[in-house]
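Structure record follows, encoded as structure tokens.
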Amino acid sequence: MSDTPLIHWSEDGQAHSARWHSESGWPVPRKVAVADDTMPADAAFRLASEGTALLWRGDFHNARQLLQALARRIDHKGRGKRGKAPKQPATLTEAFHLHRMAQAQRARILSMLLIPFEPGYRVPLRRAPDVAAACHEAYGADPGDACVIALRELLGVIGAHEWRKNGVPIPALGGERIHPWYGVFSPIRGEYVDLVAQAPLPTHTRTAFDIGVGTGVLAAVLARRGFQHVTGTDQDERALGCARANLARLGLADRVDVVAVDLFPAGRADLVVCNPPWLPGRPSAAIEGAVYDPDSRMLKGFLAGLKEHLEPQGQGWLILSDLAEHLGLRTREQLLAWIAQAGLVVAGRHDVRPVHGKARDAADPLHAARAAEVTSLWRLAAA
């Protein structure tokens, strides 16, 4: 029997089924109701909150409007009864966990509004856009069957297609653009890229490793700074393809290799750079893997293996925000202990304040931590 999950529903007195697809890893909804333009937003919100998925058969643009209406109702409910502010958490750590729980609940409710797909990535709804190119980029070749996905996910796929088409200008690359793929962390927070572009280089610039290459932006910066050969590593197939495409577009494919490996490639380098996920914790979806690092696995693995992969006089550059410290998820003492246990010393550190909007948004529940956040490039060397 096939392991492909199927979603089942009843429509016009007949039983139907289709393949269930969820990049976020949501389980197949057990209860499904068919909905269209006649369904009031309050009724849709009640059903979605109770765990009933809504398979949309109406106008596509009306579905988008309904999704926005559901989001407004979630936000209103989160403000407490009669507009009263909910009880404030005692600590930033508590605020963070409550915020994550609220985000997960919000995502779950919004993911209850479902869109049908026919073969060829065609959406059989009035005024539905042509999403075949966007879906092909995100999901690969058309599997040739009918499926059902959340509208929220489809809108993310459409947005990612626009990011991939237009790209993100990178000042450190002279304004040239990096084109992120769906599911690959976009370098829109440029402060960490600027740190790599401006930090003093080690004695030799023959070889460099970029651990967790992502879009390839840091590997490109290292190549442009004069490293003769750069090796980027990653385990995610989308990241590997994305990095290779970006490096080829920038004319750097002959100087940068991108390989599928966990953390380090074979050999040693004059510089080893790593920008791991900044927050310890379990991702609630695969797409959060660039933000959350369960038990700080990647951070600890980079530090533990760095020394044996450094050439004499080589350096390791760890790019890390201290947001986790402000949230009480990790202490500076822990980080310094992991560095020392790995036989490393701190040769220097370069700091920058974030410039993204959330650092200035006083309404953000984590504002106190974001306002104090500093992103650092730690220059590490063998003890």
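By the rule of a C-alpha distance below 17 Å, with chain neighbours fewer than 8 residues away ignored, the aspartates and glutamates paired with Lys77 are Asp42, Glu50, Asp364. Distant-in-sequence amide contacts of Leu55, defined by a placed amide H-H separation under 5 Å and a gap of 5 or more residues or a different chain, comprise Ala33, Val34, Ala35, Leu114.
Mean separation of Cα pairs under 8 Å and 6 or more residues apart, divided by the residue count, gives segment 111-230 a relative contact order of 19 percent. Once R0 is set to 51 Å, what does the formula 1/(1 + (r/R0)^6) return for the Cβ-Cβ distance between Ala133 and Gln313, expressed as a FRET efficiency to the nearest 0.05? Computed FRET efficiency for Ala133 and Gln313: 0.60. The distance linking segment 14-31 with segment 212-276 is 37 Å (Cα centroid to Cα centroid, whole angstrom).
Averaging the Cα positions of each part gives two centres, and for segment 346-376 and segment 328-344 these lie 20 Å apart. Bin all alpha-carbon pair distances of segment 169-382 at 5 Å intervals from 0 and give each bin's fraction as a whole percent. So the P(r) values, bin by bin, are 1, 7, 15, 20, 22, 17, 11, 4, 1, 0. Here the chain is assigned +1 on the Cβ of each Lys and Arg and -1 on the Cβ of each Asp and Glu. Its dipole about the Cα centre then comes out at about 1160 debye. The residues packed around His8, meaning those with a beta-carbon under 11 Å from its beta-carbon, carry a net charge of +1 if Lys and Arg are +1 and Asp and Glu are -1.
Other residues with beta-carbon under 13 Å from the beta-carbon of Asp293 carry, at +1 per Lys or Arg and -1 per Asp or Glu, a net charge of +2. The label-point distance for Glu162 and Ala372, in a model that sets each label 7 Å from Cα toward Cβ, rounds to 3.6 nm. With a/c under 1.5 counting as rounded, go ahead and sort segment 139-270 into rounded, prolate or oblate using the C-alpha gyration tensor (a ≥ b ≥ c being the square roots of the eigenvalues; past the cut-off, prolate if a/b is larger than b/c, else oblate). It comes out prolate by the Cα gyration axes.
A simple packing score, the average count of other Cβ atoms within 10 Å per residue, orders the peptides 335-344, 275-284 as 275-284, 335-344, with the highest score first. Each residue of segment 121-130 was assigned a 3J(HN,Hα) from its phi angle through the Karplus expression (A = 6.51, B = -1.76, C = 1.60, θ = phi - 60°), giving 6, 9, 9, x, 10, 4, 6, 6, x, 7 Hz with x at Gly and Pro.
Among 96-104, 219-227, the peptide with the highest mean count of other Cβ atoms within 10 Å heads the list, and the full ranking is 219-227, 96-104. The value for segment 343-383 of Rg(Cα) / (2.2 N^0.38 Å) is 1.60. The angle separating the long axis of helix 297-306 from the principal Cα axis of greatest extent in the chain is about 20 degrees. From least to most packed, judged by other beta carbons within 10 angstrom and beginning with the fewest, Asp234, Asp364 follow the order Asp364, Asp234. Here Glu333, Glu23 are placed in order of increasing Cβ neighbour count within 10 Å, fewest first, which gives Glu333, Glu23. When Ile115, Ile178 are arranged by Cβ crowding within 10 Å, least crowded first, meaning fewest neighbours, the order is Ile115, Ile178. Near Leu344, the amide H atoms lying under 5 Å from its own belong to Ala383; only residues 5 or more places off or on other chains count, and H is placed 1.01 Å from N.
Among Arg30, Arg122, Arg106, the largest mean-square fluctuation in a Gaussian network model of the chain (Cα springs under 10 Å) belongs to Arg30. Structural descriptor for the chain: relative contact order 12 percent, calculated from alpha carbon pairs under 8 angstrom and at least 6 residues apart. In terms of its Cα atoms, the chain spans 74, 50, 42 Å along the principal axes, sorted from long to short. Rounded to the nearest whole Hz, the Karplus-based 3J(HN,Hα) values (6.51 cos²θ - 1.76 cosθ + 1.60, θ = phi - 60°) of segment 176-187 follow the sequence 5, 9, 9, 10, x, 9, 4, x, 10, 4, 7, x, with x at glycine and proline. Here the relative contact order of segment 6-163, from alpha carbon pairs under 8 Å that lie six or more residues apart, stands at 25 percent. Amide H contacts for Val168 (H built 1.01 Å from N in the peptide plane; partners 5 or more residues away or on another chain; cut-off under 5 Å): Ile178, His179.
Every read-out reported here was derived from the displayed coordinates using simple, explicitly stated rules and does not represent laboratory data. All values derive from a computational prediction rather than experimental measurement. We place every Cβ from the backbone using ideal geometry, glycine too, and count neighbours over all the protein chains shown.
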